[in-house]
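Notes follow the structure.
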Amino acid sequence: MERIYNFSAGPSILPLPVLEKAQQELVNYADSGMSVMELSHRSELFTEIITGAEQLLRELMTIPENYKVLFVQGGASQQFAMVPMNLLGKSGKADYVNTGSWSKKAIKEAEKYGDIRVIASSEDANFTHIPAVNSSIINPEADYVHITTNNTIEGTAFHNIPDTGDVPLVADMSSNILSEDIDVSQFGLIYAGAQKNIGPAGLTVVVIREDLIGKASENCPAMLNYQTHSDSGSLYNTPPTFGIYMAKLVFEWIKEAGGLKEIEQVNRHKAEILYDFIEKSDLFSSPVEKGSRSIMNIPFVSTSAELDAAFIKEAKVRGLETLKGHRSVGGMRASLYNAMPVEGVQSLVTFMKEFEDHYK
Ligand SMILES: Cc1ncc(COP(=O)(O)O)c(C=O)c1O
């Protein structure tokens, strides 16, 4: 069977060479006579996998020495709770920026643990832009400031990371981690669910500055305490071993592709192809303000819900799948994660043009 172009927001497309390598190694990993799924997480072979994955991620993102990389479970949604449980140590206050559905969930969860203030929001504009965030609106006493760098559902992204001064910046980077070259030292903590640019669902990556570890209260469950995972090298309990193995293969693939600078260039090119077409189109349009557009998740609409439905149906026949927008916003959404080849975007645009010529 032919592979299709999968535009899903997550779980999403993975690089074909990664899937093929995993397939090739599946039943007998490194002559062990076992699959990675059957290896003990304390075995020498798995130790090589987890340390190799961490090393590659450090290299790709240029993660400074004073940051720990943690491989945990529970998804980004668990981080919505772990962040406040671990970081609300001093003032018990935190500032959040509300840029969409995932930010709202993070805020709602954090409100259970401390005094949470929303310092900027674009909710009154249907989250179609990223609100301005400057240091003057940040509470200098806050334990941290939280942003969602890329809003998967709404298709917006921060193009300038706010300067939060001495207040640590925490970022949900689930849908744009590894999509561009960033300066990790601007952040106190970065978290991301794996199922977009990292690998299969089930793994969550946390990059945390060391001084932010060890601030959780006494009654914080061990599994929800960053200290536990940091002290044990992410091996306090059985980690998602196969997910970590797949992440390592993805990191190797990114490195071979030239690293994040190269990946970013390709991602910008792919997004440009689609945005340029949408800009010129008489049928399709983008609901997102130009200066706030994401290069990972690109929502667009036609002129009616009926045409949107016809587009999604006909696209599927052409091998262009999972283009339906999130149920909360409707329309279409094309997610152009790292593994989506340029040809996939070109095929999408070719089909959009044909559809437009036919229906407009
Ligand atoms: C930006 C963002 N944050 C959080 C989540 C929730 O992630 P998870 O399903 O891993 O809990 C998602 C999922 O798509 C997301 O896109």
- May I ask you to derive the relative contact order of the chain, considering only C-alpha pairs under 8 Å and at least 6 residues apart, and to give it as an integer percent? 23
- Label zone at GLU354, where the point sits 7 Å out along the Cα-to-Cβ direction: region 311-343 residues whose backbone N lies under 20 Å: 311-324, 332-335, 341-343
- Note on the structure: Residue ranges of DSSP H helices in the chain that stretch 20 Å or more (Cα, own long axis) and have mean Kyte-Doolittle hydropathy of at least 0.0 are 44-61, 241-256
- Semi-axis lengths, Å, the chain, gyration tensor of Cα atoms, sqrt of 5 times eigenvalues: 33, 28, 16
- Query: Could you put SER286, SER232, SER179, SER304 in order, starting from the residue whose Cβ has the fewest other Cβ atoms within 10 Å?
  - Reply: SER304, SER232, SER286, SER179
- Task: Have a look at the DSSP beta bridges in the chain and tell me what percent are antiparallel, nearest 5.
- Result: 55
- Query: Which distance in nm do the two modelled labels at MET223 and ALA132 give, with both placed 7 Å along the Cα-to-Cβ direction?
  - Reply: 4.5
- Sum up the charges of everything whose Cβ sits under 12 Å from the Cβ of PHE187, counting Lys and Arg as +1 and Asp and Glu as -1, but leave PHE187 out. -2
- Item | Rel. contact order, % - alpha carbon contacts under 8 angstrom, at least six apart, region 238-360 | 25
- Item | Highest average packing first - 34-43, 5-14, 251-260, Cβ atoms within 10 Å | 5-14, 251-260, 34-43
- Note on the structure: Cα-only Rg/Rh for region 77-190 with Kirkwood Rh rounds to 0.92
- Query: What order do you get for MET246, MET340 when you list them from fewest to most C-beta neighbours inside 10 Å?
  - Reply: MET340, MET246
- Query: Taking every eigenvalue of the Cα gyration tensor of region 187-333, multiplying by 5 and rooting it, what semi-axes result, largest first, whole Å?
  - Reply: 38, 18, 17
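Each reported figure results from applying straightforward, stated rules to the coordinates on display, with no laboratory input. Keep in mind the model is a prediction, meaning the values are calculated, not measured. Backbone-built Cβ (ideal geometry, glycine too); neighbour counts: all protein chains shown.
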